[in-house]
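S.K.: Below is a structure I'd like to ask you about.
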Amino acid sequence: FSSPSSSSYCSYSYSSSSPLPSPPFTLPHFLPSTHTLPRFKTLTLLPSRNFSTFTLPTPTPATTDTTTTTPPPPPMSSRAEEVGENLKELEESVSAVCSSLKRPVPCIVAVSKTKPVEDVLAAYNAGHRHFGENYVIEFVEKAPKLPSDIVWHFIGHIQSNKAAKLLAIPNLAIIESVHSASLAQRLSKFCAKAERTVTIYLQVNTSGEPSKSGVAPDEAVQTYLDIVSDKDGLYSNITLSGLMTIGMYGGDGTAEFVILASLREKILAKMEEGGFKEEQKAIALSMGMSADYEAAIIQGSTNIRVGSTIFGARNYNK
């Protein structure tokens, strides 16, 4: 997906050969002051094939000007300016980090959970296209009110009874929070009913925290390979193309990001043994949020999920 951003995962004149000015020509420029014509509102001189002569269009009597002009857009609100500036600063920061590390710029997924449609539009109007949501109900209410070319990432917990609603959003591009093979299988079935496909990432619980979803690291490689190989046709409507993790709360994320990066290398090593297509070897790493995206980039993140740095602190009491 700009792809995503600058990463591979998530960047049109009339001229006259005559020395005379290009049209339209105004009457006073070419006719002597003694030349009289009926009263005109506007007179345009059209060049003929011979640029030494000109053809005058039939004059139109002057009438009251009833044309309307499109009013200028309303001034940008201070909130929209704030969001746009925050986004610009983030992009510059990410670019600087990547430049110093000589790494490709990751896709920035602007996480807009609990934020109003107006905030998303502010970032959209600033040129951003990749957005992430955590809650199914909020997402299915918000997405239809926003431009259809937004690339949506779903990054929250998924309950099977809400999966159909989630997949009803046509521009949902990636579900990053698939935490088990059984969930991937159910999503494939829902996709078949909805006559669509969707890309997914396998969520790995690299921190071992019981409060987090995700397959255990020691099961991640085989789970990933089983889904991608799809020997029994259980995952035919989904495309697994990445790994996702969340750093430990309060830490800098480095330990968790090292684990995820190493899992990708193990998966690729297994794929090199044969039986996998080249496109299946393009494995995204979705890791890093507002507090730890720099550490994630150092470890090779291709998608960073940033919310509060762009939109400000969240109010969960609304």
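The values are calculated or read from the model by the stated rules, or taken from the named source; none is laboratory data. What you see is a predicted model; the values in this text were computed from it and never measured. With ideal geometry, Cβ positions are generated from the backbone for all residues, glycine too; neighbour counts draw on all protein chains shown. These accessible areas exclude ligands, DNA and RNA; they are computed on the full protein's heavy atoms, side chains included. Shrake-Rupley method; radii C 1.70, N 1.55, O 1.52, S 1.80 Å.
S.K.: Does Ile158 fit the bill of being out of contact with any Phe, Trp or Tyr (no Cβ under 6 Å at 6 or more places or on another chain), under 23 Å from Cys191 (Cα atoms) and either modelled with pLDDT under 95 or aromatic (Phe, Trp, Tyr) (or both)?
M.R.: Yes, satisfied.
S.K.: Follow-up. Among the residues of the range 180-204, what is the count of those that are more than 23 Å from the chain's Cα centre (by Cα) and within 20 Å of Met289 (Cβ to Cβ)?
M.R.: The number of residues fulfilling the criteria is 1.
S.K.: In the range 238-258, how many residues are under 28 Å from Arg186 (Cβ atoms) and buried (at least 21 other Cβ atoms within 10 Å of the Cβ)?
M.R.: 9
S.K.: For the range 210-318, which fully contained helices (runs of 4 or more DSSP H) count at least 1 residues that are under 25 Å from Lys102 (Cα atoms)?
M.R.: 254-271, 293-298, 308-311
S.K.: Next question. Looking for something touching a helix residue (DSSP H, G or I) at 6+ places or on another chain (Cβ under 9 Å) and more than 19 Å from Glu256 (Cα to Cα) - is there at least one such residue anywhere in the range 209-218?
M.R.: Within the range 209-218 (the criterion being touching a helix residue (DSSP H, G or I) at 6+ places or on another chain (Cβ under 9 Å) and more than 19 Å from Glu256 (Cα to Cα)), the answer is no, since none of the residues qualifies.
S.K.: Same structure again: For the range 305-318, name all the residues that are closer than 10 Å to Val111 by Cβ and either aliphatic (A, V, I, L, M) or modelled with pLDDT of 95 or more (or both). Walk me through it before giving the result.
M.R.: Step one: list which residues in the range 305-318 are closer than 10 Å to Val111 by Cβ, which gives 305-311, 314.
Of everything in the range 305-318, those that are closer than 10 Å to Val111 by Cβ and either aliphatic (A, V, I, L, M) or modelled with pLDDT of 95 or more (or both) turn out to be Arg305, Val306, Gly307, Ser308, Thr309, Ile310, Phe311.
S.K.: A further question on this structure: Exactly one condition in (1) polar (S, T, N, Q); (2) touching a Lys or Arg at 6+ places or on another chain (Cβ under 9 Å); (3) surrounded by fewer than 23 Cβ atoms within 10 Å (Cβ to Cβ) is not met by Asn125; state its number.
M.R.: Asn125 satisfies all of (1) polar (S, T, N, Q); (2) touching a Lys or Arg at 6+ places or on another chain (Cβ under 9 Å); (3) surrounded by fewer than 23 Cβ atoms within 10 Å (Cβ to Cβ) except (2).
S.K.: Return the residue satisfying two criteria in turn: it lies in the range 259-270 and is out of contact with any Leu (no Cβ under 7 Å at 6 or more places or on another chain) and charged (D, E, K, R), and of such residues it is surrounded by the fewest Cβ atoms within 10 Å (Cβ to Cβ).
M.R.: Step one: of the range 259-270, the residues out of contact with any Leu (no Cβ under 7 Å at 6 or more places or on another chain) are 259, 262, 265-266, 268-269.
This time we only want the ones that are charged (D, E, K, R), so: 265-266.
Numbers: Glu265: 12, Lys266: 15.
Top of the filtered list is Glu265.
S.K.: Given the criteria under 20 Å from Phe311 (Cβ atoms), of a type in the set (A, V, I, L, M) and surrounded by 18 or more Cβ atoms within 10 Å (Cβ to Cβ), does Ile137 qualify?
M.R.: It is false that Ile137 is under 20 Å from Phe311 (Cβ atoms), of a type in the set (A, V, I, L, M) and surrounded by 18 or more Cβ atoms within 10 Å (Cβ to Cβ).
S.K.: A further question on this structure: Would you mention how many residues in the range 92-109 are part of a helix (DSSP H, G or I), open to solvent by 80 Å² or more (accessible area, probe 1.4 Å) and under 22 Å from Glu176 (Cβ atoms)?
M.R.: Residues meeting the conditions: 0.
S.K.: Also, I was wondering about something else. If I ask for residues that are open to solvent by 50 Å² or more (accessible area, probe 1.4 Å) and closer than 20 Å to Asp119 by Cβ, which ones from the range 292-315 would you list?
M.R.: Ser308, Thr309, Ala313, Arg314, Asn315
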